[in-house]
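Student: To start, I am sharing the structure in question, which I have written as structure tokens.
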Amino acid sequence: MPKLFGRNFTRRQLLNRVGDISQLMYARRAERSEGFERGADLIDVFNASGLGFSVLPGRALDIASAHYKGQSLCFRSGPGDVGPAFYEPEGFKWGRGWFGGLVTSCGLDFVGHPEIDPEEENAEMPLHGRLSYIPAKNVGIEAGWEGADYVVRIRGQMRQAEVFAENLELSREISTVLGERSIHIRDRIENLAADRSPLMFVYHCNPGFPLLDEGTRLVLHSRESTEWTEDRPVAPEDYTVAKGPQPRAHDDVYVHRPRTDRQGRVHIGLLNEKLGLGLYWQFKHSEIPIVNHWQHFHKGTYVTGIEPGNCSVLGRAWNRQHGTLQYIEPGEVREFNMEIGVLDGADEMREFERKVKRGLTK
């Protein structure tokens, strides 16, 4: 039953009050036709709960922007929603088309800085893989009542393939429910090739201002956390509280091995107490065992990365050395499920922290 404007409504009660359900929720397709955005296209989603977001069919159905009650939830970069035809895979040129956004998908067979893996392709792998620049096919939008809930679902498929090499297909579904403040992503990866392939898959989530600001606090319970340059252990005080914009560019990357609740789920929160706004992530540890954490607090590119995945963002060699490099066999199917949602107000943020702490396993 949708909860809107402080009260619960039945389907009939809502339909008695609107001429069309689009007063309360919709998903609309648009074509991008100018500049570097040509080919990215757009699916714009509105939810009367206050949550809105945009999905790019031309860019792996990634979530390029998101907002809640007029407040942005993510960083938006200078290049914007660059179309897939303008992809530059050389070196670090991936950034010429990186929009930031709530979710940039990294993979499917590589995540990290450009690297040559002599045990696999023996050729340079592009920064964070090719996935985010692959256009979706068989894109569809479904919107309708499912029992007492009105649900929007967006579906599509991305194929990463090369002759004599990998052939991986990602089937994605993004859904949201009227009155709720959360987005659900269900991903299904199948190996269509005759040989096994490395499987590296990361949700590169990029919170930005105003959610991210000086004093914004990360809630993440970790069994072990290390930093990227020396692989040395770090304590929560090293990464928990965000700084304001800094005069000089500097990157910190942390690799967290998160603790779970009794159902095997991981919970992460990014809380801005001054603003009364938070964002949370929830997923299964069995599917997503690692949380990568990037801090780039430079003025003008003020962003942090919450990047859950089945591997670290430090490349093949690091993951192989640490036993976290996964493979997908011919015909095998792997699923990944992610929930991202909004915490509205001090009470919800406090309850989130209490609930997570109570539910943690040893």
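Where a number appears in this text, it was derived from the coordinates with a stated rule and is not lab data. What you are looking at is a predicted structure, and each value in this text was computed from that prediction instead of being measured. Because the Cβ atoms are built from the backbone with ideal geometry, glycine has one as well, and the counts that use them run over all protein chains shown.
Student: Can you list the residues, at least 5 places off or on another chain, whose amide H is less than 5 Å from the amide H of Trp228, using H built in the peptide plane?
Tutor: Val253
Student: Could you pull out the trypsin sites (Lys or Arg not before Pro) across segment 250-329 that fall in loop regions by DSSP (anything but H, G, I, E, B) with no more than 13 other Cβ atoms inside 10 Å?
Tutor: Working: sites: Arg259, Arg262, Arg265, Lys274, Lys284, Lys299, Arg316, Arg320; in loops: Arg259, Arg262, Lys274, Lys299.
When the trypsin sites (Lys or Arg not before Pro) of segment 250-329 are filtered for loop state and at most 13 Cβ neighbours within 10 Å, Arg262, Lys274, Lys299 remain.
Student: Separate question: Suppose we look only past 25 Å in the calculated P(r) of segment 215-362. What percent of the Cα-Cα pairs does that tail hold? Walk me through the numbers on the way to the answer.
Tutor: On the way: 3453 of 10878 pairs.
Counting every Cα pair in segment 215-362, those more than 25 Å apart make up 32 percent.
Student: Hand me the GluC sites (Glu not before Pro) from segment 193-229 located in a DSSP loop with no more than 16 other Cβ atoms within 10 Å, in residue order please. Don't skip to the end; give the middle numbers.
Tutor: Values: sites: Glu214, Glu224, Glu227; in loops: Glu214.
Passing both the DSSP loop test and the Cβ count: Glu214.
Student: Quick one: Cα centre-to-centre distance for segment 221-279 and segment 316-336, in angstrom?
Tutor: Comparing the Cα centres of segment 221-279 and segment 316-336, I get a distance of 24 Å.
Student: What are the residues whose amide H is under 5 Å from the amide H of Leu73, where those residues sit 5 or more places off or on another chain and H is modelled from the backbone?
Tutor: Counting only residues 5 or more places away or on other chains, the set is Ala66, His67, Tyr68.
Student: Given the options Thr104, Thr229, Thr176, which has the most mean-square fluctuation in a GNM of the chain, springs set between C-alpha atoms less than 10 angstrom apart?
Tutor: Judging by the Gaussian network model, the answer is Thr229.
Student: Rounded, prolate or oblate: which fits segment 165-231 when a ≥ b ≥ c are the square roots of the eigenvalues of the alpha-carbon gyration tensor, with rounded for a/c under 1.5 and prolate only if a/b beats b/c? Please report the intermediate quantities before stating the final value.
Tutor: Numbers: a/c = 2.88, a/b = 1.32, b/c = 2.19.
Taking the square roots of the gyration eigenvalues as a ≥ b ≥ c, segment 165-231 is oblate.
Student: Hand me the tally of lysine pairs in the chain: alpha carbons under 20 angstrom apart, and the pair either on different chains or 8 or more positions apart.
Tutor: Details: Lys3/Lys69; Lys69/Lys274; Lys243/Lys274; Lys243/Lys299; Lys284/Lys355; Lys284/Lys357; Lys284/Lys362.
So the count of such lysine pairs works out to 7.
Student: When the distances between all Cα atoms of the chain are binned every 20 Å from zero, what whole-number percent does each bin get?
Tutor: That works out to 29, 60, 10, 0, in percent per bin.
Student: Looking at the calculated P(r) for segment 144-281, what percent of the C-alpha pair distances fall above 17 Å?
Tutor: Value for segment 144-281: 74 percent of Cα pairs lie more than 17 Å apart.
Student: Which of the three applies to segment 50-198, rounded, prolate or oblate, going by the alpha-carbon gyration tensor with a ≥ b ≥ c and a/c under 1.5 meaning rounded? Can you show the working numbers first?
Tutor: On the way: a/c = 2.65, a/b = 1.52, b/c = 1.74.
It is oblate, given that a/c is not under 1.5 and a/b is not larger than b/c.
Student: Counting only chymotrypsin sites (Phe, Trp or Tyr not before Pro) that sit in a DSSP loop (anything but H, G, I, E, B) with at most 14 other Cβ atoms within 10 Å, what is the longest stretch of the chain containing none of them?
Tutor: That gives 165-362 as the longest site-free run.
Student: Taking the chain as a Gaussian network, Cα atoms linked when under 10 Å apart, which of His250, His204, His221 shows the biggest mean-square fluctuation?
Tutor: Highest fluctuation among the options: His250.
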